[in-house]
Amino acid sequence: MRLVSFIDEAGDRLGVEAGPGRLWSSRTLGAGLPRTMAELLAGGEQALTALRLAVRSASAAGLPGDVDPGQVTAPVPRPGKIVAVGLNYSDHAAEQGGKVDLPERPMLFAKFPTSVVGPGATVEWDPRLTDGVDLEAELGVVIGRTARRVSQAEALDHVLGYTCINDVTARDLQVADKQFVRGKSLDTFCPMGPVLVTSDELHDPGALDIRSWHNDEPMQDSNTANLIFDVAHLISFCSQAFTLEPGDVICTGTPSGVGWFREPRVTMHDGDVMTVEVEGIGRLSNPCREVRPG
């Protein structure tokens, strides 16, 4: 399934993408189904199976869509944790001019949940705080079952599905702080979406084309086959240290082609549009706005 979250007059709601521009609310699909992504995550496999059966029935009946695509938000509007991975593509490490070594183990950091926004939402920042905003295309992994000390062999059994992430970064803050959290966690700095594709439909997260654009200019062009540490490795590694809970998101790292390490540098400015694409999931586009708070 291709799951979405959206907002209506009652708040956050759960939906399913039935086709391009055609979305069903779970309320339309039948009684007793989870009404939000949080309810689906809490309901586990039973809730997922019930929703899947309802979707099949609606597809067979040709049920029309009933959700405005303009209402769609991030698939997981407020993850409990966002675990991000630095330097997880060898080409991204190489483009930094030999200043970094390839990691011997996953290099983890956190993005705050308040950074999450959905497709089409504006990425905003105060130009007095940063003038080094960059984009990073990433495959996002959404945990569906609690994972604690799991092996790599069983790790993917704990995945609900996959989405696109733009790990927006204030590079100047990252350099000044000598660590990642502040520069990665400004409000709106984690666009996510446009959908969450469940793992039964996206079987191999290790063979997906991944790209990004700054306005219409191509920036990144790679494949998740180039990950240093694949999805199963990341889940297992994280779970040895801390519990991964349903709704947690892992940002798996970005390939080469980001703006900061180009010559000349490419950074985001007011009116720009950032776009991330992951094969089998879709395109995530977000406009940029510089805001000077009063």
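The values are calculated or read from the model by the stated rules, or taken from the named source; none is laboratory data. Because the structure is a prediction, the values reported are computed rather than measured. Neighbour counts run over all protein chains shown; Cβ positions are idealised from the backbone, glycine included. Ligands, DNA and RNA are stripped out before the accessible areas are found, and what is left, the full protein with its side chains, is counted by its heavy atoms. Shrake-Rupley method; radii C 1.70, N 1.55, O 1.52, S 1.80 Å.
Remarks
- Zone of R262's modelled label, taken as backbone nitrogen in the range 220-234 under 20 Å from a point 7 Å along Cα→Cβ: 220-223
- Tilt relative to the chain, helix 231-241 - C-alpha long axis, 0 to 90 degrees, to 10: 80 degrees
- The charge dipole of the range 3-65, taken about its Cα centre with unit charges on the Cβ of Lys, Arg, Asp and Glu (plus for the first two, minus for the last two), comes to roughly 220 debye.
- Qualifying trypsin sites (Lys or Arg not before Pro) in the range 100-162, DSSP loop, other Cβ atoms within 10 Å at most 14: R128, R148, R149
- In nm, spacing of pseudo-spin labels at Q46 and D209 (7 Å Cα→C-beta vector): 4.2 nm
- All aspartates and glutamates inside 18 Å of K178 as judged from Cα atoms, apart from same-chain residues fewer than 8 positions distant: D101, D131, D134, D167
- Using only side-chain charges placed at the Cβ, +1 for Lys and Arg and -1 for Asp and Glu, the dipole size of the chain relative to its Cα centre rounds to 720 debye.
- Packing, as the average of other Cβ atoms within 10 Å across residues, places the peptides 173-180, 156-163 in the order 156-163, 173-180, highest first.
- Using a probe of 1.4 angstrom and keeping all protein chains present, the accessible surface of the chain works out to 42 square angstrom per residue.
- Considering only the chain, percent of DSSP beta bridges that pair antiparallel, nearest 5: 85 percent
- Cα lying deepest toward the dipole's positive end in the range 81-186, options A94, H158, P106, charges on Cβ: H158
- Amide N proximity, the range 36-70 versus E245 label position 7 Å along Cα-to-Cβ, cut-off under 12 Å: 42
- For L23, net neighbour charge (Lys/Arg +1, Asp/Glu -1) across residues whose Cβ lies under 10 Å away: -1
- Helix 37-61 vs. the chain, principal-axis angle (Cα, 0 to 90°, nearest 10): 60 degrees
- Percent accessible area from carbon and sulfur atoms, the range 1-133, protein chains only, probe 1.4 Å: 53 percent
- Portion, in percent, of the accessible area of the range 199-292 that falls on carbon or sulfur, probe 1.4 Å: 44 percent
- What you get for the range 240-290, charging only the Cβ of Lys and Arg (+1) and of Asp and Glu (-1), is a dipole of about 140 debye around the Cα centre.
- Helix-only [θ]222 nm of the chain, DSSP H runs n ≥ 4, -39500 (n - 2.57) each, per residue, nearest 500: -5500 deg cm²/dmol
- In plain terms, the chain from L63 to L108 could stretch by 11.8 nm, reckoned as 0.36 nm per residue minus the Cα-Cα distance.
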